[in-house]
1. Would you check if there is a residue in region 133-151 being among the acidic types (D, E), at pLDDT below 80 and outside the structural domain of E82 (by TED's automatic domain parsing)?
2. Please work out if E40 is within 15 Å of the chain's Cα centre (by Cα) and under 26 Å from V129 (Cβ atoms).
3. Considering I84, I3, I46, which residue is within 29 Å of G108 (Cα to Cα) and loosely packed, with under 14 Cβ neighbours inside 10 Å?
4. How many residues does region 24-43 hold that are assigned to a loop (DSSP other than H, G, I, E, B) and surrounded by 13 or more Cβ atoms within 10 Å (Cβ to Cβ)?
5. Within the set of pairs 6+ apart or on separate chains, which have a first residue in region 17-46 that is under 17 Å from D80 (Cβ atoms), a second that is among the basic types (K, R) and assigned to a strand (DSSP E or B), and C-beta atoms under 8 Å apart?
6. How many residues are outside any loop (DSSP other than H, G, I, E, B), among the polar types (S, T, N, Q) and over 30 Å from M24 (Cα atoms) if we restrict to region 111-167?
7. Residues that are of a type in the set (K, R), more than 28 Å from D134 (Cβ to Cβ) and in a loop (DSSP other than H, G, I, E, B): does region 95-107 have at least one?
8. Do we have any residue at all in region 49-60 that's in the same structural domain as V113 (by TED's automatic domain parsing), on the phi < 0 side of the Ramachandran plot, within 15 Å of the chain's Cα centre (by Cα) and not hydrophobic (A, V, I, L, M, F, W, C)?
Amino acid sequence: MLINLTELFTLEGKEKTYTPHIEMKAYHGPGGEYEVVSAEPVVLRIMNLGGRKLEVEGKAKLSLTFPCDRCLKPVPVDLDLEIIRTIDLDETEEERMEKLEEQPYVNGYNLDVDQLVCDELILNLPMKVLCSEDCKGICNRCGTNLNHETCDCDIRSADPRMAVIQDIFKKFKEV
């Protein structure tokens, strides 16, 4: 959803609160695409600081579905985001790049709420998602989910000193 910021520039110190809905159905992040299961309206307080500068403060609550890092089962993860940004509309493209602030969520006098939330998601994604603390994962040979069933794969680790002899056995096995 786009918020038009022009009405805030009429008076320095003017403040307005917005509660837009998140329109994105999936988050396209660095690790893949994650479905948005639920999202509450974002609460944004935008204040004119003067000199074409705005302060944006807000909160967002949403739930995304991530695959478990061990067994790949879909896991819903609740995220609470705190948004605090200062937007300077007088900065040139080069100045923003110098500060490493590209601000792709601001285009002219429009604030893209979905893009702002996406920027915050990048910083708040969990490092590891597990369906349960005792998740056994999947077999690295046959792909069986070890939480639900067992497999008959040979799980012994081979002694690297015996690799040459095992290669000989494999040659005779193929004959």
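The values are calculated or read from the model by the stated rules, or taken from the named source; none is laboratory data. None of these values were measured; they are calculated from a predicted model. Every residue, glycine as well, gets a Cβ built from its backbone with ideal geometry; the counts of neighbours run over all protein chains shown.
1. No, region 133-151 contains no residue that is among the acidic types (D, E), at pLDDT below 80 and outside the structural domain of E82 (by TED's automatic domain parsing).
2. No, not satisfied.
3. Residue meeting the stated conditions: I84.
4. The number of residues fulfilling the criteria is 4.
5. From residues that are under 17 Å from D80 (Cβ atoms), the pairs are A39/K61; E40/K61; V42/K59; V43/K59; R45/K16.
6. Residues in region 111-167 being outside any loop (DSSP other than H, G, I, E, B), among the polar types (S, T, N, Q) and over 30 Å from M24 (Cα atoms): 2 in total.
7. Among the residues of region 95-107, at least one is of a type in the set (K, R), more than 28 Å from D134 (Cβ to Cβ) and in a loop (DSSP other than H, G, I, E, B), which makes the answer yes.
8. No, there is no match, as no residue in region 49-60 is in the same structural domain as V113 (by TED's automatic domain parsing), on the phi < 0 side of the Ramachandran plot, within 15 Å of the chain's Cα centre (by Cα) and not hydrophobic (A, V, I, L, M, F, W, C).
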